[in-house]
Amino acid sequence: MGGIDLSLFQDRSQIKPNEALANPSVTGARTRTAVEANGLAVADVFGIPGKDFVELCPNHPDAGVRRASREYFCRLVDFAAACGAVHMTSLPGIVFDSEDFENSFARCIEELGWRLETASRAGLAFAVEGHIGSIIADPKLAERLVRSVPGLTLTLDLGHFIAQGYAQAEANPLIERTSHVHARCASPGRLQAPLKANVIDFNDLVKRLAACHYPGWYAIEYVWVDWEHCNEVDNLSETILLRGVLEAAARVAA
């Protein structure tokens, strides 16, 4: 059986968060029926509550914003559970200019710990993605965060590190804490690139995940948005090409 990731991104996903989360249990059950009717399983539910990284950010300095962010997350959990998912992803938070890094990071630990407990009670694994612009855009900080929140895992998208100029090897310590993978080709300066320009060694990634007995999915994640040059490749063709690369790598690693 194949799988599909479901994204609830404010103003930029096919599933509209305001509609889906108004009655998440009902909408989630209806979504599950549609997914299963197509022979698929829900691999992950990824929720981004705001139009930018600040809006409803989990570690926002304003306590009222953090409460609203928690309320959103609770509805997202209800939706994920109702649609039959076993895994969900959120953004980790950012560094706020009004304070030093450690204060922002400390609130991340507190808020993500709460989200982990909330998701776990619903039978869901919970992960965050170390993305460009986040508080864990550096692989070393991503490793520090997951070690600071026992049980927290990562949705690993190497492209976010490669695009910033990090070597793939710098993200290897994150593999043992990875519970979901976003796969797409990337190169320095390009979060999303065609296969012919790709520098990610997917054979090595799959081999290392297999050595850790990785139980999760590989979600091929090509998007079309005017951000970080993510509107410069043929998404359909590149998805097919990368699928072949991953299938070959999985056969070698088996």
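Yes or no, residue by residue, for (1) farther than 30 Å from residue 51 by Cα; (2) modelled with pLDDT of 95 or more:
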| position | (1), (2) |
| --- | --- |
| 203 | yes, yes |
| 217 | no, yes |
| 220 | no, yes |
| 230 | no, no |
| 239 | no, yes |
| 242 | no, yes |
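Output yes when any residue across the stretch 183-201 is part of a loop (DSSP other than H, G, I, E, B) and β-branched (Val, Ile, Thr), and no when none is. The answer is yes, given that some residue of the stretch 183-201 is part of a loop (DSSP other than H, G, I, E, B) and β-branched (Val, Ile, Thr).
Under the condition of being outside any strand (DSSP E or B) and touching a Leu at 6+ places or on another chain (Cβ under 8 Å), which residue from the stretch 147-161 is most open to solvent (accessible area, probe 1.4 Å)? Taking the candidates together, the pick is 151. If you go through the stretch 177-229 and pick out every residue that is of a type in the set (Val, Ile, Thr), surrounded by fewer than 22 Cβ atoms within 10 Å (Cβ to Cβ) and either under 25 Å from residue 124 (Cβ atoms) or within 17 Å of the chain's Cα centre (by Cα) (or both), you end up with 4. For the stretch 47-63, state whether one or more residues are modelled with pLDDT of 95 or more, outside any helix (DSSP H, G or I) and farther than 22 Å from residue 114 by Cβ. No, the stretch 47-63 contains no residue that is modelled with pLDDT of 95 or more, outside any helix (DSSP H, G or I) and farther than 22 Å from residue 114 by Cβ. Report yes if residue 43 is touching a Gly at 6+ places or on another chain (Cβ under 9 Å) and small (Gly, Ala, Ser), otherwise no. So residue 43 fits the description; yes.
Looking at 98, 69, can you tell me which residue is more than 22 Å from residue 224 (Cβ to Cβ) and part of a helix (DSSP H, G or I)? Matching residue, one of 98, 69: 69.
With the condition kept exactly as written, say whether any residue in the stretch 15-22 is surrounded by 19 or more Cβ atoms within 10 Å (Cβ to Cβ), under 21 Å from the mean Cα position of the chain (by Cα) and of a type in the set (Gly, Ala, Ser). Don't jump to the end; show me each part of the working.
Applying the first criterion (surrounded by 19 or more Cβ atoms within 10 Å (Cβ to Cβ)) to the stretch 15-22 yields 17, 20-21.
Okay, now just the ones that are also under 21 Å from the mean Cα position of the chain (by Cα), so 17, 20-21.
Narrowing further to those that are of a type in the set (Gly, Ala, Ser): 20.
Yes, the stretch 15-22 contains a residue that is surrounded by 19 or more Cβ atoms within 10 Å (Cβ to Cβ), under 21 Å from the mean Cα position of the chain (by Cα) and of a type in the set (Gly, Ala, Ser).
How about the stretch 202-254: which of its residues are among the charged types (D, E, K, R) and in a loop (DSSP other than H, G, I, E, B)? Result: 221, 226, 228, 232, 234. Here residue 81 clears all of (1) assigned to a helix (DSSP H, G or I); (2) under 20 Å from residue 155 (Cβ atoms); (3) in contact with a Phe, Trp or Tyr (Cβ under 8 Å, 6 or more places away or on another chain) except the condition numbered (3).
The values are calculated or read from the model by the stated rules, or taken from the named source; none is laboratory data. Remember, it's a predicted structure, so these values are computed and weren't measured experimentally. No Cβ is skipped: glycine too gets one built from the backbone with ideal geometry, and neighbour counts run over all protein chains shown. To get the accessible areas, we keep the full protein, side chains included, count just its heavy atoms, and leave off ligands, DNA and RNA. Shrake-Rupley method; radii C 1.70, N 1.55, O 1.52, S 1.80 Å.
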